[in-house]
Amino acid sequence: MTPLLEVVDLVTHFVTERGLARAVDGVSLTVERGRTLGIVGESGSGKTVLARSIMGLLPRAGVRRGGKVLFEGQDLLGLSDRDLRDIWGAEIAMVFQDPMTSLNPVVRIGRQITESLRHHLQLGKAAARARAIDLLASVGIPEPARRFDQYPHELSGGMRQRVTIAIALACGPKLLLADEPTTALDVTVQSQILDLLQAQQRERSMAMILVTHDLGVVAGRTDEIAVMYAGKVVERAPTHTLFTEMRMPYTESLLASIPRIEQPSHTRLRAITGRPPDLVHPPTGCRFAARCPYAQPRCVEEEPPLMPAPTPGHHYACWYPVGDPAVRAG
Amino acid sequence: MAGSGTAHLRAEGDALLRVEHLVVEFPVGPARRGRVVHAVSDVSFDVLPGETLGLVGESGCGKSTTGRAIMQLPRPTAGSVRFDGEELTHLSGEVLRRVRPRMQMIFQDPISSLNPRRPVGDIVAEPLRVWGSDGGDAGREAAVRQVLDDVGLDYDSAAGRRPHEFSGGQCQRISIARALVLNPKLLICDEPVSALDVSVQAQILNLLEDMKARYGLTVLFIAHDLAVVKNVSDRIAVMYLGKLCEVAPSDELYRAPAHPYTAVLLASIPAPDPDVRPGMAGGAARAALSGELPSPVDPPSGCRFRTRCPRAEERCAAEEPVLREVGDDHWVACHFPLGHTARLAASGMRWDPGGVGPRRADD
């Protein structure tokens with residue numbers, strides 16, 4: 001059986017005045033039906049561009065693309081905008097970081113939900129309204145019939161994000177792309193929204209890609225994680241394996257930089273020094289080498305490929321992986 | 001939560017900053033109706049020299065308003081703010097202006113808090129220019145060079161560039177340099193890392209700790225993320241809807257949260273560990289917070305947290321809880337605190353170092 005989503009050697013380069021910016025540079029990944037994939041990386045790692053490339057949301061001009069995005073075996077990269085429109089919302093839906101800018105401020109919430117119901121499912125006005133109110137209730141919005149007629153500014157940030165989730169779920173998509181869905185929200189609201197996404201994903205046996213900069217957000221809520229750095233996937237593993245057997249020093253550094261509530265106060269954080277490389281002129285060799293505490297001469301000369309680790313499904317791109325005593329001693 | 005009270009304040013002469021019964025209200029709607037947003041309602045806390053006090057709570061709890069009210073931006077509606085021996089709320093404009101170099105602030109969005117048209121060197125030198133520092137241009141340049149070096153930026157490559165040429169983390173370094181160039185005593189940090197990635201957040205938190213040591217700073221650290229606040233703070237005050245819920249030393253607050261809201265905040269932190277199920281942070285399962293923040297225009301009676309509190313009873317609606325001590329320097333404003341009932345009953349009378357004399361622990 002073909003996987004739900006198969007991304008093969010995806011390339012997205014932007015034409016800029018300074019040259020080609022290699023935002024996504026040969027990424028391959030697979031998402032099976034009903035599974036959850038976390039994509040983790042810093043700002044500028046290419047994770048948002050990757051999500052938008054999968055969805056087909058990038059402009060045609062000024063963008064060089066390559067590779068394949070196979071959704072149920074069909075390559076989305078070859079589709080026209082008109083054909084993509086039948087897939088957006090109906091097959092693949094997206095939730096964005098900032099609910100205030102992703103909702104239309106001058107359109108009532110109800111109409112923003114019924115729009116796709118009427119277009120994709122050809123529901124009548126009354127049926128669409130009833131379905132939208134059910135959806136608002138299912139994403140935990142109190143008094144859904146009253147909220148149906150309100151505008152986005154009348155809701156709190158957390159409630160707005162619930163509305164964008166209701167819009168995304170409206171037509172029962174098979175894949176939900178959530179790009180930093182909780183970054184603009186408070187911690188208490190963040191956990192409510194993540195719980196909601198997880199519950200809906202299970203209930204509908206929908207596949208989900210959760211994009212975030214915070215390993216804490218994906219730790220308890222995904223089946224698999226791909227770590228991105230400078231446009232590439234540098235480690236990919238089932239979630240539990242990633243945390244217990246991580247091999248890529250970047251993943252280790254990303255985890256170490258999170259302040260832990262269980263540590264005594266004034267514990268010095270292990271920050272990653274420096275900044276991600278310039279994607280117009282990426283360094284030769286491993287792109288993380290300049291910031292890597294374990295870098296050796298080979299790392300700056302030769303780029304490590306994504307190689308398989310002993311655990312099935314675990315891949316990493318490093319010549320001197322974490323937890324490999326023989327290599328470290330050398 | 002809803003706690004008022006001042007029993008948790010330390011001896012008056014010891015504190016660099018002492019805020020008592022702070023009230024900030026903003027009018028809403030037509031003036032004749034007299035409706036107000038109760039942003040901060042009777043909040044008291046103090047910060048000792050060299051201490052970092054963390055002020056934590058959700059959006060809308062009044063934590064940023066508290067920070068700004070200390071700076072007298074705008075002046076609070078009522079209450080007292082004593083800083084470095086002076087009562088700020090009564091000071092006239094010019095006298096207040098002379099106090100301001102000793103208290104500086106850094107903000108959440110590092111890019112919008114820097115003037116996009118000015119080179120970084122000028123931005124950091126501006127406070128010196130305003131205050132007419134000694135040494136003229138050369139003296140100023142030396143001071144700016146030093147402070148940029150302290151925050152990890154190179155004067156020769158950074159001073160001539162404008163803010164948009166820097167990343168968010170670097171802009172926050174510039175903001176910190178601008179705040180430190182006048183050698184302030186108190187630094188108020190309002191969500192300084194919440195716009196930053198975790199990797200950059202760690203750099204900035206470490207930098208703040210370094211700067212605190214180098215410049216001998218006292219810090220009020222305002223943020224919504226309890227894990228971040230705990231990392232830098234000696235003592236933490238938890239705020240909800242304009243009131244204090246709990247005040248305790250950082251490690252104690254984590255070890256034995258007494259207020260149900262603090263427990264919710266702790267449980268909401270996403271644990272970077274796949275074996276910890278969401279909602280289990282801190283080692284014990286805790287209920288997630290349901291519902292929405294009530295309107296600060298018409299806050300609930302009694303304890304303001306009662307509408308969302310799993311432990312609320314009738315008394316919570318009728319009577320506002322006052323901050324009382326439930327452990328060593330551990331204060332909570334709750335009628336039914338978590339895990340402390342037995343200890344409270346056993347403690348009976350205790351001496352209050354605040355100077356009010358003997359006092360029942362549960363009054």
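Results, tabulated for the structure shown:
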| quantity | calculated |
| --- | --- |
| Distance from the stretch B:193-239 to the stretch B:136-177 (C-alpha centre basis), Å | 21 |
| Cα centre as origin, Lys/Arg/Asp/Glu Cβ charges: the protein assembly as shown dipole, Debye | 1340 |
| Tensor-based shape of the stretch B:90-146 (alpha-carbon gyration tensor, a/c under 1.5 rounded, otherwise prolate or oblate) | oblate |
| Separation between Cα centres of the stretch A:74-95 and the stretch B:15-35, rounded to whole Å | 52 |
| Around A:V7: net Lys/Arg minus Asp/Glu count, Cβ-Cβ under 11 Å | -2 |
| Intensity falloff of the protein assembly as shown expressed as log10 I(q)/I(0), Debye formula with alpha-carbon point scatterers, at q = 0.06, 0.07, 0.10, 0.11 Å⁻¹ | -0.38, -0.52, -1.07, -1.26 |
| At 0.692 mPa s and 37 °C, Stokes diffusion of the stretch B:139-279 via Kirkwood alpha-carbon radius, µm² per second | 194 |
| Gap separating the Cα centres of the stretch A:225-270 and the stretch B:49-75, nearest whole Å | 32 |
| Percent of alpha-carbon pairs separated by more than 35 Å within chain B | 27 |
| For residues of A:252-258, the mean tally of beta carbons on other chains within 10 Å | 5 |
| For A:S265, residues with placed amide H under 5 Å, excluding near neighbours | B:D251 |
| Per DSSP, loop trypsin sites (Lys or Arg not before Pro) in the stretch A:57-155 with at most 10 further Cβ within 10 Å | A:R60 |
| Which of A:E143, A:E42 has the fewest Cβ neighbours within 10 Å, and the rest in rising order | A:E143, A:E42 |
| Helix A:157-169 axis, angle to chain A major axis (alpha carbon atoms, nearest 10°) | 80 |
| Debye, to nearest 20: dipole size of chain A, +1 on Lys, Arg Cβ, -1 on Asp, Glu Cβ | 520 |
| Three-way shape label, the stretch A:240-326, alpha-carbon gyration tensor, a/c 1.5 | oblate |
| For chain A, built as a Gaussian network whose Cα springs stay under 10 Å, the top-fluctuating residue of A:I225, A:I141, A:I167 | A:I141 |
| Footprinting exposure proxy for B:H8, B:H90 (fewest neighbouring C-beta atoms within 10 Å first) | B:H90, B:H8 |
| Computed [θ] at 222 nm, helices only, for chain B once each DSSP H run of length n ≥ 4 contributes -39500 (n - 2.57) | -8500 deg cm²/dmol |
| In Å, descending, principal axis extents of the Cα set of the stretch A:18-135 | 51, 32, 30 |
| Which of A:P264, A:M208, A:T222, positive extreme of dipole for the stretch A:188-265 (C-beta unit charges) | A:M208 |
| Chain B: angle of helix B:136-150 to the longest principal axis, Cα-based, in degrees nearest 10 | 50 |
| Qualifying aspartates and glutamates (Cα of each under 14 Å from Cα of A:K47; at least 8 residues distant if same chain) | A:D25, A:D179, A:E180, A:D214, A:E235, B:D197 |
| Karplus-derived HN-Hα couplings along the stretch B:325-332 (A = 6.51, B = -1.76, C = 1.60, θ = phi - 60°), whole Hz, x at Gly and Pro | 8, 10, x, 5, 6, 10, 10, 9 |
| Per-residue Cβ neighbour rank within 10 angstrom, fewest leading, B:Y215, B:Y254 | B:Y215, B:Y254 |
| Amide H contacts under 5 Å for B:V36, placed H, 5+ residues apart | B:V28 |
| Given charges at Cβ of Lys, Arg, Asp, Glu: the stretch A:1-141 dipole, positive-most of A:L5, A:V95, A:Q122 | A:Q122 |
| Cβ-placed point charges (K, R +1; D, E -1), dipole of chain B about Cα centre in debye, nearest 20 | 780 |
| Helix A:187-203 vs. chain A, principal-axis angle (Cα, 0 to 90°, nearest 10) | 80 |
| Where only C-alpha atoms are counted, convex hull volume of the stretch A:92-177 per residue in Å³ | 83 |
| Choice from B:P184, B:P310, B:P110 with maximal GNM fluctuation in chain B (Cα, 10 Å cutoff) | B:P310 |
| R0 of 35 Å, Cβ-Cβ distance B:H164-B:Y215: FRET efficiency to nearest 0.05 | 0.80 |
| Cα lying deepest toward the dipole's positive end in the stretch B:1-92, options B:H90, B:V28, B:G50, charges on Cβ | B:V28 |
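Every read-out reported here was derived from the displayed coordinates using simple, explicitly stated rules and does not represent laboratory data. On a predicted model such as this, the values are computed, not experimentally measured, just so you know. Cβ sites come from the backbone with ideal geometry, for glycine too, and all protein chains shown count toward neighbours.
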